């Protein structure tokens with residue numbers, strides 16, 4: 001099938017498909033919508049299909065959106081889809097590919113850890129451990145950043 005069913009709509013934004021992509025579970029989504037679902041989830045795991053809850057390990061853009069690949073708004077989505085497929089796709093990633101993806105994943109993890117709205121238990125624990133570590137480091141440090149008294 002070269003595109004989503006004619007009378008279908010994106011189950012995330014409930015609108016007509018913009019840059020339609022088919023997941024490995026055969027459900028269709030807007031490219032931006034499914035990437036936003038992944039963006040709000042764990043950085044190191046593939047997102048789950050909003051309809052069937054299976055992990056999405058491959059996103060395949062429709063033929064029509066592939067023909068529009070040169071458009072600026074479409075090319076950005078295609079770049080993100082290629083990155084997603086590179087991280088979670090069926091082909092095995094070598095050590096060099098993982099090293100190239102490391103800056104992207106570290107930025108994403110840092111953003112997730114510092115986001116106060118994030119309610120994932122891993123990030124809550126990570127923030128507590130980080131705060132504890134920095135507190136111990138400050139107490140043991142000979143440098144007094146915050147003076148205790150002016151006398």
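The values are calculated or read from the model by the stated rules, or taken from the named source; none is laboratory data. Predicted model only: the values in this text are computed from it and were never measured. Cβ: placed from backbone, ideal geometry, glycine included. Neighbour counts: every protein chain shown.
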- Message: So the check is Cβ under 9 Å with 6+ separation or different chains; which pairs have a first residue in the range 78-104 that's farther than 15 Å from residue 60 by Cβ and a second one that's assigned to a helix (DSSP H, G or I) and modelled with pLDDT of 85 or more?
- Response: 101/83; 104/83
- Quick check, is residue 135 assigned to a helix (DSSP H, G or I), within 30 Å of residue 4 (Cα to Cα) and modelled with pLDDT of 75 or more? no
- In the range 25-44, residue nearest to residue 7 (Cα to Cα) [restricted to those that are surrounded by fewer than 16 Cβ atoms within 10 Å (Cβ to Cβ) and touching a residue at least 40 places away in the same chain (Cβ under 8 Å)]: 42
